[in-house]
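Just below is one structure, and these are the notes that go with it.
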Amino acid sequence: MTLSNLPPLVTIFGGSGFVGRHVVRVLAKRGYRIRVAVRRPDLAGHLQPLGKVGQISFVQANVRYRKSVDRAVEGADHVINCVGVLFESGRNTFDAVQDFGARAVAEAARAAGATLTHISAIGADARSASSYARTKGRAEAAILDTLPGAIILRPSIIFGPEDGFFNKFAEMARFSPFLPLIGGGHTRFQPVYVADVAEAVGRAVDGALKAGTIYELGGPQVLSFRDCLEIMLKTIERKRSFVSIPFGIASLMGSVASLVPFITPPLTADQVVLLKSDNVVSAKAEAEGRTLTAIGIKPTMLESILPTYLVRYRPQGQYTGSGRAA
Ligand SMILES: NC(=O)c1ccc[n+]([C@@H]2O[C@H](COP(=O)([O-])OP(=O)(O)OC[C@H]3O[C@@H](n4cnc5c(N)ncnc54)[C@H](OP(=O)(O)O)[C@@H]3O)[C@@H](O)[C@H]2O)c1
């Protein structure tokens, strides 16, 4: 194979994360050359078997350091940004990672003459009271300013084997007799399967999506926070009580939890702000064909996937007799 007929090179920032690893899998199957840009390449070895020998390479990059971003993007045909943080830790702040970092990736992609797919989130809004949503919103505007042809994907809450939502509450249900319903559990989500999000990224890289467009990715069902926990409990065959926690108290608990050093806070005050708004695909995105279905992907049902990875939280794991509840 000569240099001119090599498959296109795709650089993926955040390829080691939950969404990133599924994106790597989807692109590897399509035959792209993949360069995974991560802070700790030595910890990203789990990605190597997803591709053929020599198909996936690694480069050290931190989106807070522009030079490392430029180096990672050099020679790339397409750039994907799957970097995000749900809580701040040290210098990895929302501003530094989701705003400054996302701009750095867009500027580097433009300088390299590459196209860009950026993962944002439903609720991204430059005027939001939540730092997570605000920095996502600011980044979207800056990206489209820098690269008007960029594609932005805004998922609702994402489920899949390594997710941080269903796994967290299923783990909690193993030990706790009750589960918290933040703000009464009324917030509505549209859980979307990680493989569907990755497939949307794959189609963006293939050039099948409309340049300069913001897509909103949701699953086939709109479910309340409470509905999600009930489906999770049914899946792991456990019965637990719910305790409603008003937003004000949850926010206080989140602030205190964030003060404890060296632990991943189970909830932050910023996440409580996010929970005050529904996280579903907008009617405008539906009407304008900026959804999964519109790009030819049939969204996967939550109940068809949850048992494949939550089975380990059942009282006796996969050997739990169906119908019993602990
Ligand atoms: N999961 C969801 O339900 C959900 C919903 C909507 C939108 N999203 C968005 O989807 C994207 C992926 O989320 P995820 O769930 O896959 O998150 P994740 O598992 O936490 O992955 C985040 C990735 O970002 C990387 N990262 C963090 N700080 C970095 C920095 N300074 N420089 C370079 N890389 C850095 C992490 O690498 P390290 O290994 O080095 O930490 C990791 O690979 C994010 O933009 C997120 O906001 C997620």
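The values are calculated or read from the model by the stated rules, or taken from the named source; none is laboratory data. Nothing here was measured: the structure is a model prediction, and the numbers come from that model. Please note: Cβ atoms are built from the backbone with ideal geometry, for glycine as well, and neighbour counts cover all protein chains shown. Note: areas computed on protein heavy atoms with side chains; ligands, DNA, RNA excluded. Shrake-Rupley method; radii C 1.70, N 1.55, O 1.52, S 1.80 Å.
Residue-wise test of (1) part of a helix (DSSP H, G or I); (2) buried (at least 20 other Cβ atoms within 10 Å of the Cβ); (3) within 13 Å of the ligand (Cβ to nearest atom).
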| site | (1), (2), (3) |
| --- | --- |
| Ala124 | no, yes, yes |
| Ser128 | no, no, no |
| Tyr132 | yes, yes, yes |
| Thr135 | yes, yes, yes |
| Arg138 | yes, yes, no |
| Leu144 | yes, no, no |
| Pro148 | no, no, no |
| Ile152 | no, yes, yes |
| Glu162 | no, no, yes |
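Could you give me the residue pairs with C-beta distances under 6 Å whose first residue belongs to the range 92-112 and is within 15 Å of Ile152 (Cβ to Cβ) and open to solvent by 10 Å² or more (accessible area, probe 1.4 Å), whose second residue is basic (Lys, Arg) and at pLDDT 95 or above wherever it lies, and which are 6+ apart or on separate chains?
If the second residue must be basic (Lys, Arg) and at pLDDT 95 or above, the pairs left are Asp99/Arg138.
Residue by residue through the range 216-238, note down the ones that are outside any strand (DSSP E or B), within 24 Å of Gly137 (Cβ to Cβ) and in contact (Cβ under 8 Å) with a residue 60 or more places away in the chain.
Matches in the range 216-238: Gly218, Gly219.
Only one of (1) polar (S, T, N, Q); (2) more than 23 Å from Arg138 (Cβ to Cβ); (3) open to solvent by 40 Å² or more (accessible area, probe 1.4 Å) is not met by Ser89, so which one is it?
(2)
Select from the range 34-43 the residues that are surrounded by fewer than 20 Cβ atoms within 10 Å (Cβ to Cβ) and not acidic (Asp, Glu) and list them in ascending order.
Those that are surrounded by fewer than 20 Cβ atoms within 10 Å (Cβ to Cβ) and not acidic (Asp, Glu): Arg39, Arg40, Pro41, Leu43.
Cβ-Cβ distance below 6 Å, separation of 6 or more or different chains: which pairs start in the range 3-23 with a residue that is part of a loop (DSSP other than H, G, I, E, B) and end on one that is more than 16 Å from the ligand (Cβ to nearest atom)?
So the pair list comes out as Pro7/Gly31; Pro7/Tyr32; Pro7/Arg33; Pro8/Tyr32; Pro8/Asp77.
Within the range 186-215, which residues are away from the ligand (no atom under 15 Å from the Cβ), outside any loop (DSSP other than H, G, I, E, B) and touching a strand residue (DSSP E or B) at 6+ places or on another chain (Cβ under 6 Å)?
Within the range 186-215, Val205 is the sole residue that qualifies.
To keep it simple, each residue is scored yes or no on (1) at pLDDT below 95; (2) of a type in the set (Val, Ile, Thr); (3) within 30 Å of Gly289 (Cα to Cα); (4) surrounded by fewer than 21 Cβ atoms within 10 Å (Cβ to Cβ).
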site	(1), (2), (3), (4)
Gly218	no, no, yes, no
Cys228	no, no, yes, no
Ile231	no, yes, yes, yes
Val243	no, yes, no, yes
